[in-house]
Structures are given as structure tokens and as C-alpha cells.
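The values are calculated or read from the model by the stated rules, or taken from the named source; none is laboratory data. The shown structure was predicted, so the numbers you read here are calculated from the model rather than taken from an experiment. Heads up, the Cβs are rebuilt from the backbone with ideal geometry, glycines too, and the neighbour counts pull from every protein chain shown.
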Amino acid sequence: MAIAFRRAVPIVGSALLTLILAAPSGAAEPWPALDWSRQPYLAAAHAAEKKVCSACHGEDRLPSDGLAEVDRRCADCHGSLADMGKETDGPINPHRSHLGTIGCTVCHRGHAPSRAYCLNCHQFAMDMPRSRPCPAPRQPFPPELLVRPAVTPQQADVVVIGAGGAGFTAAIAAREAGAKVVLLEKQRLTGGNTMLANGGMNAAGTRVQQARGIDDSPARMEADTLRGGHNVNDPRLVKILAGRSASSLEWLTQLGADLSDVGRLGGSSVDRTHRPRGGASVGAHLIGVLRRSAAAAQIDVRVNSPVSKILHDGAQGVGGVVVEGRYRGTYTIHARAVVLATGGFSANARRVARYRPEFAGLATTNQPGATGDGIDLGQGLDVAFCDLAEIQLHPTLAAGTRIIVSEAIRGNGAILVNRQGRRFVDEVGTRDRVSAAILAQPGRTAFLLFDGDLRRGLRQAEGYFHLGLAKQAATPADLAALSGLPADALQATLAAYGRACRAGSDPDFGRTSLARALGGPLCAIEVAPGIHYTMGGVKIDPRCQVLDTAGRPIAGLFAVGEATGGVHGANRLGGNSISEAITFGRIAGRGAARVALERAAPRAR
Ligand code: MEZ
């Protein structure tokens with residue numbers, strides 16, 4: 001069935017959009033002459049059902065980089081993600097697993113082929129169960145509809161670039177301090193790497209720890225962080241990270257986060273990594289909380305909005321940003337303070353190889369937007385950088401994939417064995433040591449072993465079974481057969497590890513957290529190191545002000561999170577990045593709001 005559309009003419013502004021989005025009428029000149037029912041786009045499927053453009057886009061609306069309006073209209077007809085989750089139940093259920101955290105248009109495209117589920121963001125280097133790429137388009141979407149209207153310059157007090165955990169926190173803190181805030185995200189969805197974080201958030205001296213009798217203090221967290229970072233860290237930043245960690249956790253709890261479970265990750269001397277009850281993944285939960293808080297605070301959050309330039313006038317300091325909206329086109333937002341929360345560059349293979357050629361070809365755990373935009377944006381502004389060659393490998397990605405197997409599993413008691421079935425390292429040592437040890441084993445991989453009790457006690461472990469990455473067997477001999485490991489050596493390793501746990505001492509490898517011997521049904525995941533975190537970045541002072549190459553703060557420019565360097569030194573401890581994002585996000589947001597509200601309005605550019 002061919003549907004007649006009114007032809008769009010190349011005029012600028014909302015009039016064009018009115019034409020584009022208007023319902024087709026009995027126009028004399030039908031446009032375009034496609035058989036819409038044969039197009040693999042959502043627009044086509046809807047047109048085949050006699051739905052008109054305004055069903056999705058509304059009347060008289062500018063195309064939005066936010067796309068929230070379109071998502072709302074999906075829900076009007078199809079129900080919420082929760083409803084869809086019930087209807088599309090099955091072993092892999094993206095509607096359920098992303099419940100409430102991403103919009104329909106992240107996966108489903110109106111005018112281009114949709115990409116299968118998770119591959120939009122996660123880019124797993126494996127066949128996803130039941131993933132079905134859409135067929136290639138038979139005919140491209142008419143280019144006239146991609147004409148972008150001019151957008152007039154806008155004004156805000158604070159612009160935050162990057163909507164991961166650090167950016168959201170900075171935006172909320174700036175809003176709490178009374179600023180008008182725009183939060184810009186270049187990807188189709190917010191969340192950044194925080195969204196993918198599993199293990200938890202480090203905080204010392206919390207009420208959760210006290211209730212469990214865990215003896216911890218900021219001084220102890222500071223010492224662990226400096227030792228883990230080989231003392232390359234900026235000690236002033238580490239003091240702030242540790243000293244404010246408990247109040248950052250309280251702040252999140254007040255926003256509605258559940259961080260009531262606590263465990264230990266590599267390099268920490270006590271249990272201080274907080275996560276949701278039952279050991280669920282921390283990141284998606286926190287991003288859900290931060291998104292809801294940003295919405296409640298009426299922060300203007302825009303996805304599909306990369307920033308190409310930070311406006312700067314030597315005398316006046318920062319004056320705003322230039323945005324390249326995916327649908328809206330190029331426009332300026334004038335602002336008196338800008339916060340860089342653009343993340344690291346682990347997903348930029350070329351940049352990683354420039355600093356660490358030996359990491360070329362390794363997979364990354366990061367979302368594809370982690371390309372180092374802070375470095376690109378800072379370069380034009382005489383920004384100082386530090387520690388750019390300090391790049392962290394995470395020891396345990398599921399071998400052959402980009403999926404991180406959380407350190408929380410080792411923290412809760414898992415061990416690592418090589419292909420000969422033997423342990424070779426303190427599994428809860430720092431990441432640099434564990435990664436190097438795995439890469440020195442035959443085949444450059446290892447097997448992570450844990451038992452049924454650990455699986456039950458750590459909800460996030462279920463995900464690895466769900467994705468077909470973990471195997472479980474009733475006995476060590478069965479697991480050895482399933483994993484291709486020598487059964488005798490594996491049995492001997494498990495027996496020796498059991499003795500070490502009972503004695504509370506691991507003479508071979510010096511592991512200090514020996515909570516549990518492994519018994520009952522046994523599970524295994526083959527793992528290999530991958531690029532996980534870039535410790536270096538923009539140089540900041542303790543107020544999160546960005547420094548120039550002469551060591552002076554650049555007026556109005558702040559940075560936070562993985563975009564910065566100095567907090568983690570040469571090696572980050574697991575659980576410290578969420579902690580950093582929240583603690584320094586609050587400092588940067590408050591500082592940016594104060595500066596913006598104090599500074600005179602920038603002159604028009
Ligand atoms: O902080 C991290 O990177 C972390 C805890 C990762 C993980 O293994 O879960």
C-alpha cells in the first residue's frame with residue numbers, strides 16, 4: 001500500500017517542520033512514492049497502519065535531539081517498558097533488562113534500520129542470543145526530511161558536557177545551588193560508563209559499614225588508594241575522595257539509591273564497596289536514580305548533542321559551548337561555567353595505542369562514546385593534562401567479548417586458575433598485578449571459579465549465565481570436563497585453597513581475603529584482560545577547576561570524573577570511580593554554579 005505524503009520544500013524553521021510533520025492530506029502531489037509497507041523502518045510499519053507522522057512526532061514540533069516526546073508517544077500506544085517487558089518475555093528480554101532506564105528510540109529507529117538490541121551500546125564482540133539485525137533499507141529515507149532548521153543561540157548558567165554518573169551529579173549539584181543547567185550527551189542515551197558499572201562504590205566510615213562492625217576510616221581509604229595508585233596520585237584529591245566518600249553515599253541514598261550491601265574489591269584492605277541489596281549491579285541503578293533526580297529538578301537533559309567547541313575569551317574565561325545536535329544542527333549555548341564530564345578514552349583504540357602501544361588489539365569494556373572528548377575540547381584552550389599514559393586493564397573480561405566480569409565475584413571469594421588448573425596470583429590484588437599475571441599465562445586467559453553459594457549471594461553474577469558465558473557443574477571433575485581443564489590439577493588446587501581458607505593464610509600468593517573455600521556446584525567463566533579505565537586526563541585543582549599549562553585555573557571551566565587525571569595515579573582501585581564521580585561531581589557542580597552566578601553575563605558572540 002502506498003501512502004501519500006506531502007512534499008517538503010527546503011525552507012528553514014518551524015514552517016518546514018510543520019510541513020514534515022503534518023498529516024498527509026489529499027495532496028495533489030504525493031510524496032514520496034514509496035511502498036512504505038515494504039520499508040524496514042518503524043515509520044513504514046506505522047504508515048502501513050495508516051498512522052501519520054504526527055502520531056509519533058506531534059503537531060508543529062521541532063525535531064528534538066532529546067527524542068523524549070517520541071518515546072512518550074510510543075508508550076501511549078504500546079504501553080510502558082514494563083508492559084512491553086511482560087509481553088516480550090523470554091531468556092533475553094531487553095525491555096525488562098533496561099526497564100525504565102532507556103527510551104524506545106535508542107534501539108528502535110523511525111527512519112533508519114534499527115540495530116539489534118544491545119549492540120547499539122554495548123557492541124559485544126559475540127553473537128547475542130536472539131539478536132536479529134534488521135535487513136538493509138531498500139530505499140533510503142528521503143533526504144529532504146533530514147533538513148535541519150536553524151536554532152537560535154540559547155542561554156544557561158552552567159553547561160555540563162557528558163551525562164554519565166559524574167555529569168549527572170554535577171548537573172544536579174549545580175541545580176541545587178540555584179543555577180539554570182543544560183546537560184549535554186553526545187550518545188543516544190545517557191548513562192556513560194557508569195551505566196555499565198557493576199562492582200560498587202567505595203566509601204569509608206559509612207553507616208552500612210558501622211552496622212556490620214567494619215572498622216574503616218577515610219585515612220585507611222586514602223592509604224589504600226595511594227598505595228594502589230603507586231603514589232602517582234595527587235594526594236590532595238585523594239584526601240577529598242576518601243574524606244567525603246561517606247557523605248557522597250548519604251547524598252545518593254537521600255536521592256533514593258540503595259547502597260546497603262557492602263563487599264571488598266581488589267586493593268582495598270576492608271569491605272568498603274557499596275552496592276544495592278543482594279549484590280546487584282550498581283551502575284544502572286545509580287543512573288536510574290540520577291535520571292529521575294535530574295528530571296525532578298527540571299534539568300534540561302539533551303542526548304544526541306555532541307559539543308564541538310568550548311567558547312573562550314582569554315580575559316573573560318569560558319563563555320559557553322557550540323553543540324552539533326544530531327537532528328537540530330549546530331547551535332550555541334552561552335553559559336558562564338562549563339563542566340567537562342566527558343569520560344575517558346578507553347574506547348578510542350588509536351588514542352590508547354598512542355600512549356600504550358602494547359595494548360593495541362585488546363578489547364575494551366567501555367561504552368563506545370568513551371573516546372576522550374575532554375582531551376579534544378581542552379586542546380584548544382591551553383588545558384594542562386596529566387598521566388595520559390596511565391591506562392588500566394581490567395583483569396576479567398569474558399574471554400573473546402567486551403563484557404566485564406565484575407571484580408565483585410573475586411571479592412566475594414572466586415579464584416583464578418590457568419589452563420593447567422593452577423592458581424597463579426592473589427586474585428584480589430590490584431588490577432595491574434592481576435592483569436599482568438593473566439597475560440603471562442598460557443593462552444593469555446584464565447578461568448574464574450566460584451560456587452553456587454557465591455552465585456546465590458551476588459545477584460549480578462546471574463547475568464553471566466543469562467548471556468551464556470558462565471558454566472556450572474555438579475562436581476570439579478564435571479567442571480574440568482566442561483572447561484577443558486585437567487581434573488586432577490583442578491581438584492588439588494581447590495583442596496589447597498580450602499586449606500588456605502581454613503588456616504586464614506595463603507602462603508603461595510598472599511591473598512588476605514579468604515572468606516570461603518569453594519564447594520558444592522562449581523561455576524567457571526574464561527576471562528582475559530581488557531582496556532577499562534584511563535587514569536589520566538585534564539588537570540584539576542581540588543575545586544575541580546581546570547588548570548592551564550601554566551598551572552592557573554581557567555575561569556569558568558571545571559572538570560570531573562574520568563575526563564580528569566590525578567585522583568587514581570597509576571592504577572585505580574575498583575569502586576573508586578563511582579566514588580570519584582559523585583564526590584567530585586558535587587564539588588564541580590556547586591563550584592560551577594557559584595562561578596556562573598557570580599560572573600557577569602558574557603557578551604554576545
Ligand atoms: O570500579 C570498577 O571498575 C569496578 C568495580 C569494576 C568491576 O569489576 O565491577
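Residues are listed down the side, and each one gets a yes or a no for (1) buried (at least 24 other Cβ atoms within 10 Å of the Cβ); (2) at pLDDT below 95; (3) within 16 Å of the ligand (Cβ to nearest atom); (4) among the aliphatic types (A, V, I, L, M):
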{"residue": "489", "(1), (2), (3), (4)": "no, no, no, yes"}
{"residue": "501", "(1), (2), (3), (4)": "no, no, no, no"}
{"residue": "521", "(1), (2), (3), (4)": "no, no, no, no"}
{"residue": "542", "(1), (2), (3), (4)": "no, no, no, no"}
{"residue": "562", "(1), (2), (3), (4)": "yes, no, yes, no"}
{"residue": "574", "(1), (2), (3), (4)": "yes, no, yes, no"}
{"residue": "600", "(1), (2), (3), (4)": "no, yes, no, yes"}
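Please specify each residue of the stretch 575-591 satisfying the condition of being closer than 14 Å to residue 542 by Cβ and either aromatic (Phe, Trp, Tyr) or not in a helix (DSSP H, G or I) (or both).
584
If you scan the stretch 474-497, which residues turn out to be of a type in the set (A, V, I, L, M) and within 21 Å of residue 401 (Cβ to Cβ)?
Hits for the stretch 474-497 are 479, 482, 485.
Within the stretch 268-297, can you find the residues that are closer than 15 Å to residue 196 by Cα and hydrophobic (A, V, I, L, M, F, W, C)?
Hits for the stretch 268-297 are 280, 282, 284, 286, 287, 289, 290.
What are the pairs with Cβ atoms under 7 angstrom where one residue, in the stretch 569-598, is free of Cβ contacts under 8 Å to residues at least 60 places away in the same chain and the other, located anywhere, is within 16 Å of the ligand (Cβ to nearest atom) and not in a loop (DSSP other than H, G, I, E, B)? Sequence gap at least six, or different chains.
From the stretch 569-598, no pairs qualify.
Just to be sure I understand the filter: pairs with C-beta atoms under 8 Å, separated by 6 or more residues or on different chains, first member in the stretch 258-280 and outside any loop (DSSP other than H, G, I, E, B), second member among the hydroxyl-bearing types (Ser, Thr, Tyr). Which pairs pass?
Correct list of pairs: 262/206; 262/273; 263/273; 274/206; 274/260; 275/281; 277/260.
Which condition number in (1) under 24 Å from residue 252 (Cα atoms); (2) at pLDDT below 95; (3) polar (S, T, N, Q) is the one that residue 512 fails?
For residue 512, the exception is condition (1).
Please go through (1) on the phi < 0 side of the Ramachandran plot; (2) within 16 Å of the ligand (Cβ to nearest atom); (3) small (Gly, Ala, Ser) for residue 297 and return the number of the only condition it doesn't satisfy.
(2)
Within the stretch 45-69, restricting attention to residues that are at pLDDT 70 or above and closer than 16 Å to residue 107 by Cα, which residue is surrounded by the most Cβ atoms within 10 Å (Cβ to Cβ)?
For the stretch 45-69, the residue satisfying everything is 65.
If residue 342 satisfies every condition in (1) over 26 Å from residue 168 (Cβ atoms); (2) touching an Asp or Glu at 6+ places or on another chain (Cβ under 9 Å); (3) part of a loop (DSSP other than H, G, I, E, B); (4) of a type in the set (S, T, N, Q) but one, which is the exception?
Here residue 342 meets the rest and fails (1).
Can you pull out the residues in the stretch 510-536 that are in a loop (DSSP other than H, G, I, E, B), in contact (Cβ under 8 Å) with a residue 60 or more places away in the chain and aliphatic (A, V, I, L, M)?
Passing the criteria: 515, 518, 535.
Could you identify the single residue in 493, 475, 512 that is out of contact with any strand residue (DSSP E or B) (no Cβ under 8 Å at 6 or more places or on another chain) and among the β-branched types (Val, Ile, Thr)? Show your work before the answer.
Working: 493 fails: out of contact with any strand residue (DSSP E or B) (no Cβ under 8 Å at 6 or more places or on another chain); 475 fails: out of contact with any strand residue (DSSP E or B) (no Cβ under 8 Å at 6 or more places or on another chain).
From the options 493, 475, 512, the qualifying one is 512.
Name the residues in the stretch 243-257 that are assigned to a helix (DSSP H, G or I) and not hydroxyl-bearing (Ser, Thr, Tyr), would you?
243, 246, 249, 250, 251, 252, 254, 255
Considering only residues of the stretch 297-314 that are in a loop (DSSP other than H, G, I, E, B) and touching a strand residue (DSSP E or B) at 6+ places or on another chain (Cβ under 9 Å), which is farthest from residue 157 (Cα to Cα)?
Here the residue is 304.
Assess whether residue 554 counts as being part of a strand (DSSP E or B), within 16 Å of the ligand (Cβ to nearest atom) and either at pLDDT 95 or above or aliphatic (A, V, I, L, M) (or both).
In short, no.
Just one of (1) within 16 Å of the ligand (Cβ to nearest atom); (2) part of a helix (DSSP H, G or I); (3) of a type outside the set (Lys, Arg) trips up residue 240, so point out which.
(1)
Can you say whether residue 594 is in a loop (DSSP other than H, G, I, E, B), basic (Lys, Arg) and away from the ligand (no atom under 16 Å from the Cβ), as far as the supplied structure shows?
no
Return the pairs, sorted by first residue and then second, in which the second residue is in a loop (DSSP other than H, G, I, E, B), the first residue lies in the stretch 376-387 and is closer than 9 Å to residue 549 by Cβ, the beta carbons are less than 6 Å apart, and the residues are 6+ apart or on different chains.
What qualifies is 382/549; 384/549.
Would you check which residues across the stretch 158-199 are within 16 Å of the ligand (Cβ to nearest atom), over 17 Å from residue 247 (Cβ atoms) and of a type outside the set (Ser, Thr, Tyr) and list them?
Scanning the stretch 158-199 gives 164, 191, 192, 193, 195, 196, 197, 198, 199.
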